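Report on the structure given below.
The values are calculated or read from the model by the stated rules, or taken from the named source; none is laboratory data. Computed from a predicted structure; not experimentally measured. Glycine gets a Cβ as well: all are built from the backbone with ideal geometry, and neighbour counts include every protein chain shown. Remember, those area values only see protein heavy atoms, side chains included, never the ligands or the DNA or RNA. Shrake-Rupley method; radii C 1.70, N 1.55, O 1.52, S 1.80 Å.
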Amino acid sequence: MMHLDCPWCGYRNVSEFGYLGELRERPDPATTTREEWRAYLYLRRNPAGRLEEGWYHRAGCRRYFEAVRDTTDNTVSETRPPTRHPDGHDEGEHATAGDLDVTSVSV
Amino acid sequence: MSRQATHMRLPVQPGERIDRSRPVSFRFNNRPYTGYAGDTIASALAANGVKVFTRSFKYHRPRGILTAGWLDPNLMVQVGDEPNVRAGHREISEGADVHSQDIWPSLRFDAKSVNSAIGRFLAPGFYYKTFIKPQPLWPAYESVLKRFVHSGSIDLSTPRVEHDKTYAHPDVVVAGGGPAGMASATAAARSGARVLLVEDEPELGGHWLWSGPAKQEDLVRLREDALTTPGIEVLTNSVVIARYDDNWLGVIVRSQDGSERLVKVRAKTLVAAPGLVERPYVFEGNDLPGVMLMTGARRLVNRYAVRPGTRAVVLTANAHGDAGVEDLRRAGVAIEAVVDPRKGDRVVRALGRGRLERVELSTGQVVEADLLVTAVGWTAPTSLLNMAGDRPVYCPEAARFFPSQLPDDVLATGGIAGDGDDRELLEHATATGREAARRAHNRLVALASRVPTLPDGAEPPTRDDSEIEIPDLPRGPHLELFRSSTHGFVDFSEDVSSKDLHSAVREGYDSAELAKRYTTATMGPLQGKLETINAVAVIAEANSATIAETGTTVWRPPYAPTTLGALAGRALDPTRYSPLQPWHEAHGARPLVAGAWIRPEHYGDPEAEVRAVRRGVGIIDVTPIGKLHLQGRDVPALLEQMYVNRWQRLGVGRVRYGAMCADDGVVIDDGVTGRLDEERYLMSTTSGGAAAVWEWVEELLQTSHPEWDVTCTPVTTSYASINVAGPRSRELLARLADVDLSPDGFGYMNVRTGTVAGVPDVVLWRIGFTGELSFELHIPAGYGLHVWEELMRAGSDLGVRAFGVEAQRVLRLEKGHLIVGQDTDGLTQAFSAGLGWAVKLDKPDFSGAPELRWQKASGAVSSLVSLQPVDPAVVPPEASQIIGPRSEILGRVTSSRHSPTLGRSICLAQVLTEHAAPDSTLRVLQPDGSVVEARVCPELAHVDPEGERARA
Ligand SMILES: [Zn+2]
């Protein structure tokens, strides 16, 4: 079980955390298209390598935060408060419909 | 058994483990035997002259001692009701009842050994190929084949035992308590580390335990250091079974009675010092009782004072084998021949009927012997390193695999790291221990730097960057001695021969991973620890490839077999009870498991409980309802985002029902939220959804809307919650509450705060899940029982009755109120849940808004409807399907009950919208295959569709 470095609590067992998956931008609900919205709902980049993702320290400080993890070896190079949090910063990479050929997804 | 049996015990040997002052009696296959305290089952039996211990897995060949240790494939026995006990490791205990596993009819005349008569060897895949067709006969084959598998037996009446787990957070874990492990642990502790030293055997010492008198002095000194140096905790008869990310280790601590305990360890560094495993030599007859590895022979002589045979041939290719020859001589074994491959000699085959009688050598000589001891080389047990991501590389000069790329927090020492004399190995181990301590310290610094506080006056620890130089160890020389000119067994526990591996390669299973699975080599109880390198060598040979090209198989956790109980531990999930539980128990409540909660299902007669609520007054414990206290200027904005309906204009003192959808438009929760005053709100959720809704609130506040002024406090268990329901609920409550309960003073969907039964700060909601006039009280939890008892007392003349979850389900079903998760599923969007009326698409945003916009535009595919079976006596079971004329599925019954109020069956159902028109007749397929008709009702409510009763 890996250690995860909570920005508020330090290194804790990953079993204390909830996983939110890769960070993604919620499209503007007023103007979004079905294609864009459903890419936001269902499609993930799922890279082998660097991934920005959300975590929640469920059995600890109950705070949400972001981590940059290499999915190939679980090295976490950075953890930080949420991007829009006063302590956070905004430099996310997010999956969008444009990243993925949604038309090729068979249903 | 012959009379010479007892003479196999030697005079006192230096360093022997047995305690001759304490004889121990036990039984083996129903015959009495005596050994000494400290004997293993195997050594005690060997001292009594027992040669054959078990029959082999597939061919039922007689098998005797091979290694005399944990990894001996031939020593799996049943002890009492415990199967798969390793007789080379388990010590004897007084009165133990030991049996060879699944030997029928007896060890000496095993009827199943017919297997080895029908063919010299069964071809690999024989069972697959022979019994696969015709398929209808498989059950017959299976019942016969099952009798050919030996696997011990378990006693199903064994009492349930809960295994505890413990946690440990040492700086350094040393896996292996041999000379290198002991030296490493001592060095690490002397450098200031807290060390956990884990050893498989009952005592520290590793191979020095059986290395004879020459090592005794050094062994005593090293062991003394390891046992007395402050900061070392020693776990013997224990094994590191797994290594996961960031040195999360599983350690199994065994006790001699077979029970196990799991220690979960977070180590800052891990030192792997597992030593080496002696590998068998592959030749014809290498499994005959009397053919033994040198480690086995030396264990018997030096540790248990047992003479392993009388006339021996020794095959020795290394110093350990040479030393073993001296041990055997000292034990009075006549050495008939020493065969030295370093001089070009080999053993060709072992001959004998049921036990070793003669050995044929490459010189052509045939030597009579009852013991053939082989010392051809070593296998490196690299499991823990594999688990740390290492892919060990083969070194032909040393004829074994070595670590290649270890992560920073894992080190290796001892035989697994290289060869060399004792001095070189101990220097390596000591340096490794010191370096492990240094890296652990630096890890501690990294951990500490992330913890915001230090004890008063404490200085933060600083890094130590002076790396300890670990000397290189030589590798080899060791001969690549794997197979002689004949074929023999590679995997003794699975009965796989080198010939089988050759056949597998010929059939196309030419990679190590494929050949392994096809032949099951390395897949038995030893999981390759004894036989992997031989298997790889034979596969390489069959492919005309090198071992390096062939590579090894990947080792995965667990390193050693582990009982499931030790892994399962005990259940740590909390069970939740409301503060009213003592009353429920005293009044015959039937307990219902509802998620984490235990709730009263009913108090004996749920229909009577329903009638009491419809006609008079009833009270129900609804404490598990999720409750969140929300405070701040922006609570309305939060509510607008979470609920599909509108919240901006909720007045103080008002309560509103709301439904929540996820961003895919699927209904995830519902409940009511009341505005207590200007900036204070109380939100209720389903009991199952309480935690998820709370986390969602926090997610919104912490990630997407940190600018909102809202604080959220979960108060589910801060309150005991009681719903007082029925036409006489107002009358009852008025006797206890200081709140104006009149229809004008406290209207439907309002909230008040007041004193009830002398308890202040009770929140009262006038809502109606049951469809009756009702008041929901949220009482400071410690006073819940008092208020409940007061309600029962004050309402006795009104016939007040406690009702349970079952009555409430009936009441809400009569009213057509849905339960999220029962009348909806993971695909039910709001318009399919009958909640379209609540969805306000003109709000700027809310969770699920775009999906619900599209659902409304295209029309809901499925709809929630109320059904009444035409035959009022039939209650179609929940999940019965609704089918069309061609038996196509049109929907399903989501809730169904007999309604005491209507005297008929009623249902809620999800059905395709085109079939959901009021007064349509639908066909319901029940699980028993019968079909009943049911009519779609015009309204969801079966009772009081106008809602007059709740508003009374
Ligand atoms: Zn935290």
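For the range A:50-107: of the residues being farther than 23 Å from A:MET1 by Cα, at pLDDT 50 or above and away from the ligand (no atom under 16 Å from the Cβ), which is most open to solvent (accessible area, probe 1.4 Å)? Talk me through it step by step, then tell me what you get.
First, the residues of the range A:50-107 that are farther than 23 Å from A:MET1 by Cα: A:82-107.
Those still in the list that are at pLDDT 50 or above too: A:82-88.
Filter once more, so that each one left must be away from the ligand (no atom under 16 Å from the Cβ): A:83-84, A:86.
Values: A:THR83: 25, A:ARG84: 131, A:PRO86: 108 Å².
Here the residue is A:ARG84.
Checking B:ALA568 against (1) of a type in the set (A, V, I, L, M); (2) surrounded by fewer than 18 Cβ atoms within 10 Å (Cβ to Cβ); (3) out of contact with any Gly (no Cβ under 8 Å at 6 or more places or on another chain); (4) at pLDDT 95 or above, which test does it fail?
(4)
Among (1) part of a helix (DSSP H, G or I); (2) within 44 Å of the chain's Cα centre (by Cα), where does B:LYS856 come up short?
Here B:LYS856 meets the rest and fails (2).
Output the number of residues of the range A:1-19 satisfying the condition of being at pLDDT below 95, open to solvent by 60 Å² or more (accessible area, probe 1.4 Å) and more than 9 Å from the ligand (Cβ to nearest atom).
The total comes to 2.
Going by the structure shown, is B:LYS856 open to solvent by 30 Å² or more (accessible area, probe 1.4 Å), over 29 Å from B:PRO927 (Cβ atoms) and touching a Leu at 6+ places or on another chain (Cβ under 8 Å)?
So B:LYS856 passes the test.
Working carefully through the options B:ASP370, B:ASP390, B:ASP419, find the one that is over 17 Å from B:LEU197 (Cβ atoms), touching a Pro at 6+ places or on another chain (Cβ under 6 Å) and modelled with pLDDT of 95 or more. I'd like the intermediate steps shown before the answer.
Values: B:ASP370 fails: touching a Pro at 6+ places or on another chain (Cβ under 6 Å); B:ASP390 fails: modelled with pLDDT of 95 or more.
None of the others qualify; the one that does is B:ASP419.
Are there strands (runs of 3 or more DSSP E) fully within the range B:301-417 with at least 1 residues that are more than 42 Å from the chain's Cα centre (by Cα)? List them. Don't jump to the end; show me each part of the working.
On the way: elements: B:311-316, B:334-339, B:347-351, B:358-361, B:366-368, B:371-375, B:393-395, B:400-402, B:410-412.
So the answer is B:311-316, B:334-339, B:347-351, B:358-361, B:366-368, B:371-375.
Of these, B:ALA369, B:ALA323, B:ALA380, B:ALA312, which one is of a type in the set (Gly, Ala, Ser) and in contact with a Phe, Trp or Tyr (Cβ under 7 Å, 6 or more places away or on another chain)?
Sole residue among the options that is of a type in the set (Gly, Ala, Ser) and in contact with a Phe, Trp or Tyr (Cβ under 7 Å, 6 or more places away or on another chain): B:ALA380.
Among (1) on the phi > 0 side of the Ramachandran plot; (2) part of a helix (DSSP H, G or I), there is one condition B:GLY192 misses while meeting the rest; what is its number?
The single condition B:GLY192 does not satisfy is (2).
Are any of the residues in the range B:236-252 surrounded by 24 or more Cβ atoms within 10 Å (Cβ to Cβ) and in a loop (DSSP other than H, G, I, E, B)?
no
Hey, any hits in the range B:451-458 for a residue that's closer than 30 Å to A:ARG12 by Cβ, away from every other protein chain (no Cβ under 14 Å) and buried (at least 21 other Cβ atoms within 10 Å of the Cβ)?
In the first step, residues of the range B:451-458 are kept if they are closer than 30 Å to A:ARG12 by Cβ; the result is B:451-458.
So of that shortlist, the ones also away from every other protein chain (no Cβ under 14 Å) come out as B:455-458.
Pick out the ones that are also buried (at least 21 other Cβ atoms within 10 Å of the Cβ) and you get none.
Checked the range B:451-458: no residue is closer than 30 Å to A:ARG12 by Cβ, away from every other protein chain (no Cβ under 14 Å) and buried (at least 21 other Cβ atoms within 10 Å of the Cβ).
Restricting attention to the range B:20-35, which residues are in contact (Cβ under 8 Å) with a residue 40 or more places away in the chain and hydroxyl-bearing (Ser, Thr, Tyr)?
Passing the criteria: only B:SER25.
Would you check which residues across the range B:54-79 are in contact (Cβ under 8 Å) with a residue 40 or more places away in the chain, part of a loop (DSSP other than H, G, I, E, B) and under 33 Å from the mean Cα position of the chain (by Cα) and list them?
The answer is B:SER56, B:PHE57, B:LYS58, B:LEU66, B:THR67, B:ALA68, B:GLY69, B:TRP70, B:LEU71, B:ASP72, B:PRO73, B:ASN74.
If B:PRO850 satisfies all but one of (1) open to solvent by less than 20 Å² (accessible area, probe 1.4 Å); (2) away from every other protein chain (no Cβ under 12 Å); (3) not small (Gly, Ala, Ser), what's the number of the condition it fails?
(2)
If you go through the range B:334-354 one residue at a time, how many are basic (Lys, Arg), in contact (Cβ under 8 Å) with a residue 12 or more places away in the chain and surrounded by fewer than 15 Cβ atoms within 10 Å (Cβ to Cβ)?
Filtering the range B:334-354 down to residues basic (Lys, Arg) leaves B:342-343, B:346, B:349, B:353.
From what's left, in contact (Cβ under 8 Å) with a residue 12 or more places away in the chain: B:342, B:346, B:349.
Imposing the further condition that a residue be surrounded by fewer than 15 Cβ atoms within 10 Å (Cβ to Cβ) reduces the set to B:342.
Adding up the residues that qualify gives 1.
Give B:GLU217, B:GLU233 a once-over and let me know the one that is more than 15 Å from B:GLY181 (Cβ to Cβ) and among the acidic types (Asp, Glu). Working first, answer last.
On the way: B:GLU233 fails: more than 15 Å from B:GLY181 (Cβ to Cβ).
Matching residue, one of B:GLU217, B:GLU233: B:GLU217.
So which of B:LEU733, B:LEU701 ends up being outside the structural domain of B:ASP634 (by TED's automatic domain parsing) and either under 22 Å from B:ILE625 (Cα atoms) or open to solvent by less than 40 Å² (accessible area, probe 1.4 Å) (or both)? Show your work before the answer.
On the way: B:LEU701 fails: outside the structural domain of B:ASP634 (by TED's automatic domain parsing).
B:LEU733 is the lone residue from the list that is outside the structural domain of B:ASP634 (by TED's automatic domain parsing) and either under 22 Å from B:ILE625 (Cα atoms) or open to solvent by less than 40 Å² (accessible area, probe 1.4 Å) (or both).
Scan the range B:652-662 for residues that are open to solvent by less than 30 Å² (accessible area, probe 1.4 Å) and of a type outside the set (A, V, I, L, M) and jot them down.
If the condition is that a residue be open to solvent by less than 30 Å² (accessible area, probe 1.4 Å) and of a type outside the set (A, V, I, L, M), then B:GLY653, B:GLY658, B:CYS661 are the ones that fit.
Which residues, taken from the range A:20-46, are without any contact (Cβ under 8 Å) to a residue 60 or more places away in the chain, away from the ligand (no atom under 16 Å from the Cβ) and under 30 Å from B:ALA267 (Cα atoms)?
The answer is A:GLY21, and nothing else.
A:PRO47: over 14 Å from the mean Cα position of the chain (by Cα), open to solvent by less than 40 Å² (accessible area, probe 1.4 Å) and not polar (S, T, N, Q), yes or no? Don't jump to the end; show me each part of the working.
On the way: over 14 Å from the mean Cα position of the chain (by Cα): no; open to solvent by less than 40 Å² (accessible area, probe 1.4 Å): yes; not polar (S, T, N, Q): yes.
No, not satisfied.
So that you can scan it fast, the table gives a plain yes or no per residue for (1) over 25 Å from B:SER718 (Cβ atoms); (2) surrounded by fewer than 18 Cβ atoms within 10 Å (Cβ to Cβ):
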| position | (1), (2) |
| --- | --- |
| B:GLY782 | no, yes |
| B:MET792 | no, yes |
| B:GLY804 | no, no |
| B:LEU811 | yes, no |
| B:LEU818 | yes, no |
| B:LEU827 | yes, yes |
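Need the failing condition index for B:VAL505 against (1) without any contact (Cβ under 8 Å) to a residue 40 or more places away in the chain; (2) open to solvent by 30 Å² or more (accessible area, probe 1.4 Å); (3) in a helix (DSSP H, G or I), just the number.
Unmet for B:VAL505, out of (1) without any contact (Cβ under 8 Å) to a residue 40 or more places away in the chain; (2) open to solvent by 30 Å² or more (accessible area, probe 1.4 Å); (3) in a helix (DSSP H, G or I): (2).
Cβ-Cβ below 6 Å, separation at least six or inter-chain, first residue in the range A:58-71 and more than 9 Å from chain B (Cβ to nearest Cβ) and more than 15 Å from B:LEU701 (Cα to Cα), second of a type in the set (Lys, Arg) and near the ligand (Cβ under 9 Å from one of its atoms): which pairs?
A:GLY60/A:ARG12
So, B:ALA175, is that one open to solvent by less than 20 Å² (accessible area, probe 1.4 Å), more than 32 Å from the chain's Cα centre (by Cα) and assigned by TED's automatic domain parsing to the domain that holds B:VAL265 or not?
Values: open to solvent by less than 20 Å² (accessible area, probe 1.4 Å): yes; more than 32 Å from the chain's Cα centre (by Cα): no; assigned by TED's automatic domain parsing to the domain that holds B:VAL265: yes.
For B:ALA175, the condition - open to solvent by less than 20 Å² (accessible area, probe 1.4 Å), more than 32 Å from the chain's Cα centre (by Cα) and assigned by TED's automatic domain parsing to the domain that holds B:VAL265 - is not met.
Could you list, in sequence order, the residues of the range A:28-43 that are more than 9 Å from chain B (Cβ to nearest Cβ) and open to solvent by less than 20 Å² (accessible area, probe 1.4 Å)?
A:ALA39
Inside the range B:195-215, can you point out the residues that are within 20 Å of B:ALA319 (Cβ to Cβ) and open to solvent by less than 40 Å² (accessible area, probe 1.4 Å)? I'd like the intermediate steps shown before the answer.
Within the range B:195-215, the first condition is being within 20 Å of B:ALA319 (Cβ to Cβ), and the residues that meet it are B:205-215.
Residues satisfying the conditions are B:GLY205, B:GLY206, B:TRP208, B:LEU209, B:TRP210, B:SER211, B:GLY212.
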